[in-house]
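Novice: First the structure, which I've put down as structure tokens, then a few questions once you've had a look.
The values are calculated or read from the model by the stated rules, or taken from the named source; none is laboratory data. Just so you know, these numbers come straight off a predicted model, no measurement behind them. Cβ placement follows ideal geometry from the backbone for every residue including glycine, while neighbour counts extend to all protein chains displayed.
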Amino acid sequence: MNDSTARADRLTLTIRSPQDAVSAVPYLLGFHPAHSLVAVGCAGPDRDTCALRLDLPRPGDPDLAQAVADRVAEALTRNAYRDALLLGYGDAAHVTPVMDRTRRVLHARGVSVREALRVHDGRWWSYLCDDPACCSPDGTPYDISSSVVAAQAAYAGRVAHPDRDALARSVRRLPDADGRIRAATDRAERRLIGQMTAGRPLAKVRADLIAEAVSLTSRLTAAPAGAPPTDEETARLGVLLTDLRVRDEVWVRVNVEDPTGDIALWRHVVQRVETPYVPAPACLLAYAAYCRGDGGLANVALDRALEADPGYSLALLFRQVVHAAIPPGRARLHMTPEQLAAAYADQEEPAPP
């Protein structure tokens with residue numbers, strides 16, 4: 001398993017010390033890592049940073065350790081990062097073999113390792129400093145909660161979940177014990193069937209579906225915090241987005257400069273719609289999260305999309321983007337609604353489901 005994230009320009013975490021680096025990583029990933037190697041790429045051409053997390057292999061397996069090192073080097077050099085911070089989470093037996101190989105590979109690929117730390121049981125150790133006056137051989141205690149970096153991240157609205165499982169639970173379906181979403185979904189399905197069987201031209205039906213989805217999404221993403229969609233709106237969005245043209249019309253309108261409202265809306269929808277309606281809103285959540293630099297949330301949203309439909313093409317595409325650690329500025333969809341309409345006009349449009 002690996003998780004990638006790239007920082008959006010508006011989240012600026014000032015890292016001046018090992019303590020700052022240790023404090024920054026949970027907010028870059030969206031959760032506190034464990035048994036992991038985290039590589040933070042810096043000094044790239046777009047002034048973004050990229051945090052890549054990979055599971056540590058078991059000790060005594062040099063091939064897997066080398067694979068982790070090569071994966072880190074590939075991601076950082078592909079995106080032209082010149083500097084890196086490396087943090088290994090775990091005991092020395094697990095971290096050191098991978099750290100040593102990763103440092104060697106990055107050096108060979110021209111990436112400067114500015115700091116390399118092992119983090120374990122509330123302490124950090126540096127692989128680059130052997131001065132006991134600043135880097136104790138017994139490890140240096142740290143407290144993320146009191147750091148300036150944590151305050152910067154909190155001010156920017158970032159949350160660090162206790163672990164990756166906790167982050168994944170934040171996009172899991174909530175119980176529908178009283179059947180309200182199921183009933184709302186039944187009504188939304190019947191309404192769509194009625195629109196499709198009313199004898200109107202396909203182009204007119206699709207235009208109405210697009211207009212409804214765009215209007216509803218625009219209103220809900222602009223709604224103040226604490227004003228979530230109703231059950232009817234949630235179910236209706238899930239049903240509407242099964243049409244790929246409708247989904248794409250919503251996709252090109254995601255506010256990539258400030259996707260806070262998009263993230264809140266699509267997380268709400270993903271938590272409530274039934275499984276057949278998960279892939280599209282989960283992909284929109286992943287895209288909005290990645291545009292904000294929240295690769296951890298993007299990854300767990302893509303997990304949900306692919307659990308619901310392992311062949312969902314947009315989720316597979318987004319997974320490649322995240323896996324490659326492409327910075328948000330280069331991952332954004334630079335297409336206007338007018339350009340999307342022209343693209344669809346050049347091909348035979350699929351009929352709505």
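Novice: Which of the residues belonging to the stretch 289-312 are within 8 Å of the chain's Cα centre (by Cα), among the small types (Gly, Ala, Ser) and assigned to a helix (DSSP H, G or I)?
Specialist: Hits for the stretch 289-312 are Ala289, Gly295, Gly296, Ala298, Ala301.
Novice: Then there is this: Look through Asp165, Asp138, Asp130 and report the one residue that is of a type in the set (Asp, Glu), part of a helix (DSSP H, G or I) and out of contact with any helix residue (DSSP H, G or I) (no Cβ under 8 Å at 6 or more places or on another chain).
Specialist: Asp165
Novice: Do you know which of the residues in the stretch 258-293 that are surrounded by 24 or more Cβ atoms within 10 Å (Cβ to Cβ) and small (Gly, Ala, Ser) is modelled with the lowest pLDDT?
Specialist: Here the answer is Gly293.
Residue-wise test of (1) over 26 Å from Leu302 (Cβ atoms); (2) of a type outside the set (A, V, I, L, M); (3) in the same structural domain as Tyr312 (by TED's automatic domain parsing); (4) not in a helix (DSSP H, G or I).
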| site | (1), (2), (3), (4) |
| --- | --- |
| Ala184 | no, no, yes, no |
| Arg245 | no, yes, yes, no |
| Asp248 | no, yes, yes, no |
| Arg253 | no, yes, yes, yes |
| Pro276 | no, yes, yes, no |
| Leu284 | no, no, yes, no |
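Novice: Same structure again: Restricting to the stretch 194-210, name every residue that is under 24 Å from Thr275 (Cβ atoms) and either surrounded by 12 or more Cβ atoms within 10 Å (Cβ to Cβ) or in contact with an Asp or Glu (Cβ under 7 Å, 6 or more places away or on another chain) (or both).
Specialist: Scanning the stretch 194-210 gives Gln195, Met196, Leu209.
Novice: Going by the structure shown, is Leu86 surrounded by fewer than 23 Cβ atoms within 10 Å (Cβ to Cβ) and either assigned by TED's automatic domain parsing to the domain that holds Val322 or not hydroxyl-bearing (Ser, Thr, Tyr) (or both)?
Specialist: Spelling it out, it is not the case that Leu86 is surrounded by fewer than 23 Cβ atoms within 10 Å (Cβ to Cβ) and either assigned by TED's automatic domain parsing to the domain that holds Val322 or not hydroxyl-bearing (Ser, Thr, Tyr) (or both).
Novice: Quick check on Asp138: is it assigned by TED's automatic domain parsing to the domain that holds Ala80 and either within 25 Å of Gly44 (Cβ to Cβ) or touching a residue at least 12 places away in the same chain (Cβ under 8 Å) (or both)?
Specialist: Against the criterion (assigned by TED's automatic domain parsing to the domain that holds Ala80 and either within 25 Å of Gly44 (Cβ to Cβ) or touching a residue at least 12 places away in the same chain (Cβ under 8 Å) (or both)), Asp138 qualifies.
Novice: Among the residues in the stretch 262-271, are any in the same structural domain as Arg330 (by TED's automatic domain parsing), farther than 23 Å from Asp231 by Cα and within 11 Å of the chain's Cα centre (by Cα)?
Specialist: no
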